[in-house]
Amino acid sequence: MFQKILIANRGEIALRVLRACKELGIQTVVVHSTADADAMHVRLADESVCIGPPPSRDSYLNIHQIVAACEITGADAVHPGYGFLSENAKFADILAAHNITFIGPTGDHIRVMGDKIEAKRTAKRLGIPVVPGSDGAVTEEKEAKRIAAEIGYPVIIKASAGGGGRGMKVAHTEADLEVALQTARSEAGAAFGDDAVYIEKYLQKPRHIEVQVFGDGFGRGVHFGERDCSLQRRHQKVWEEANSPALNAEERSRIGGICAKAIADLGYSGAGTIEFLYENGEFYFIEMNTRLQVEHPVTEAITGIDLVHEQIRVASGGGLSVRQEDIKFNGHAIECRINAEDPRTFTPSPGTITHFHTPGGLGIRVDSGVYSGYKIPPYYDSLIGKLIVHGRNRVECMMRLRRALDEFVVDGIKTTLPLFRDLVGNADIANGDYDIHWLEKYLAKEE
Ligand code: ADP
């Protein structure tokens, strides 16, 4: 087992990882920018190293500084959290070259999944169902038209190097296609430095369903069920659930089994998430994330398994603590992402939190890095906490969520709490009857 883990992140996820390390009796080092000197993860860690000024590129994305911090403190492993360097293959390679363990998959696995065309090819080869579309990059308009006619309109043009919901264009007819292809390519080139784009069928009313997987480092793969993250705004997840209200046990075990086998065949090690769109009973792979997800706590709530403990165990060569048959799904969980944003316009609302009170009681978990008197720096993303609620079934979970949202107090800044208080009383949400466009339509109506 590791002696000392360096946590290369900030905010709630740095704290989340720190808690797992403490439980396992592992020393912790955190890195921070000058803007985060007062952050909770800095206060609670055994050691901390300031790695630079506020902008991420000079601090949380500064590989040299982070490697130097490992060497100064003698950390033998790095947990990257999510975002920042968590899916940076070069970072994983550099750590390996310095004999420091990256708590995650190999650089090569990150590379394959970071390129969407390559990821889709790999998924297809491993028997994972994919969205019908072009086999690889498409550059010629003629070829684009031929493929689109074959799969049928509407189609979506996506950047191979895309991420964060950027670099996608929908074409509803052949007349739209030329412009969509040109703009997608030039936007991809400008945003990602790679203008490769591909075409796939545009699904009109899908749900976003993702499967939590793990490779144990010895060639075995398991799945921890799925999460439904269909409630999104601008392709950003807002509310996540496990299990999905749309799947039955047979579908769950079928798609889970396919994913677990793929992970084993790939020789993948550590945590991963295989994301699908789901429509009319069919799953369509869209991408794989080779890291821990923001929404992992809903899976922890229904399985009772600490996924960060498992990541650390696997990275240290100790394998998983559970076999597939030990993973049981118990009840229902929902996560709400509390952002420091105006609940109507979603513009960031940094500033000082004058009062912070979190709900408690059975089935409630709050993962947050903030506290009363904390000043939210304007440089980073606006997530200030996650409310995760568990119940024996979805009805009980929703009852408890409503009550917890009423107890939650964040004064001094605007947050997305009022949005969740509206959603929890909505009939479609109560029925689990929503697709990936539901939230945007709802917000447009409210305006
Ligand atoms: P990113 O890596 O940028 O998040 P994804 O491939 O995961 O890109 O897609 C992000 C979102 O875009 C999906 O959650 C979905 O809302 C939408 N999307 C992507 N592909 C399709 C498709 N073929 N049909 C319909 N919507 C899609």
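The values are calculated or read from the model by the stated rules, or taken from the named source; none is laboratory data. Keep in mind that what you see is a predicted model, and the values were worked out from it rather than measured. When we count neighbours, we look across all protein chains shown, and the Cβ atoms used for this are built from the backbone with ideal geometry, even at glycine. Ligands, DNA and RNA are excluded from the accessible area calculation, which covers all protein heavy atoms including side chains. Shrake-Rupley method; radii C 1.70, N 1.55, O 1.52, S 1.80 Å.
When each of V222, V197 is tested for being within 21 Å of the chain's Cα centre (by Cα) and among the hydrophobic types (A, V, I, L, M, F, W, C), the lone residue that passes is V222.
Considering I157, I128, I147, the condition of being within 20 Å of I274 (Cα to Cα) and either open to solvent by less than 20 Å² (accessible area, probe 1.4 Å) or within 10 Å of the ligand (Cβ to nearest atom) (or both) is satisfied by I128 alone. Residues of region 190-205 that are touching a strand residue (DSSP E or B) at 6+ places or on another chain (Cβ under 9 Å) and open to solvent by 30 Å² or more (accessible area, probe 1.4 Å): A191, F192, D194, D195, K201, Y202, Q204, K205. Among residues that are under 30 Å from P54 (Cβ atoms) and hydrophobic (A, V, I, L, M, F, W, C), I436 is not included.
Yes/no per residue for (1) within 16 Å of the ligand (Cβ to nearest atom); (2) surrounded by fewer than 21 Cβ atoms within 10 Å (Cβ to Cβ):
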{"site": "Q182", "(1), (2)": "no, yes"}
{"site": "E187", "(1), (2)": "yes, yes"}
{"site": "G215", "(1), (2)": "no, no"}
{"site": "R227", "(1), (2)": "yes, no"}
{"site": "Q236", "(1), (2)": "yes, yes"}
{"site": "E250", "(1), (2)": "no, yes"}
{"site": "I258", "(1), (2)": "no, yes"}
{"site": "N280", "(1), (2)": "yes, yes"}
{"site": "E295", "(1), (2)": "yes, no"}
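When the residues of region 100-119 are narrowed to those that are part of a loop (DSSP other than H, G, I, E, B) and either at pLDDT below 95 or of a type in the set (G, A, S) (or both), which ends up surrounded by the most Cβ atoms within 10 Å (Cβ to Cβ)? This residue is G104. Only a single item in (1) assigned to a loop (DSSP other than H, G, I, E, B); (2) within 16 Å of the ligand (Cβ to nearest atom); (3) surrounded by fewer than 21 Cβ atoms within 10 Å (Cβ to Cβ) is not met by V138, and it is number (3).
From the list A188, A184, A260, A249, the lone residue that is out of contact with any Gly (no Cβ under 9 Å at 6 or more places or on another chain) and among the small types (G, A, S) is A249. Taking G83 as the residue in question, decide whether it is touching a residue at least 12 places away in the same chain (Cβ under 8 Å), open to solvent by 20 Å² or more (accessible area, probe 1.4 Å) and farther than 23 Å from D194 by Cβ. No; evaluated as a whole, the condition is false for this residue. Across region 415-447, the number of residues qualifying as in a helix (DSSP H, G or I) and open to solvent by less than 50 Å² (accessible area, probe 1.4 Å) comes to 9.
For region 315-341, a residue qualifies if it is assigned to a loop (DSSP other than H, G, I, E, B) and open to solvent by 50 Å² or more (accessible area, probe 1.4 Å), and the qualifying residues are S321, R323, K328, F329, N330.
A count restricted to region 392-414 and to residues that are in contact (Cβ under 8 Å) with a residue 24 or more places away in the chain, closer than 23 Å to F329 by Cα and open to solvent by 60 Å² or more (accessible area, probe 1.4 Å) stands at 2.
Within region 370-391, being open to solvent by less than 70 Å² (accessible area, probe 1.4 Å) and not in a strand (DSSP E or B) holds for V370, Y371, S372, G373, Y374, P377, Y380, S382. Taking the listed residues E118, E178, the one that is acidic (D, E) and more than 30 Å from A8 (Cβ to Cβ) is E178, with no other qualifying.
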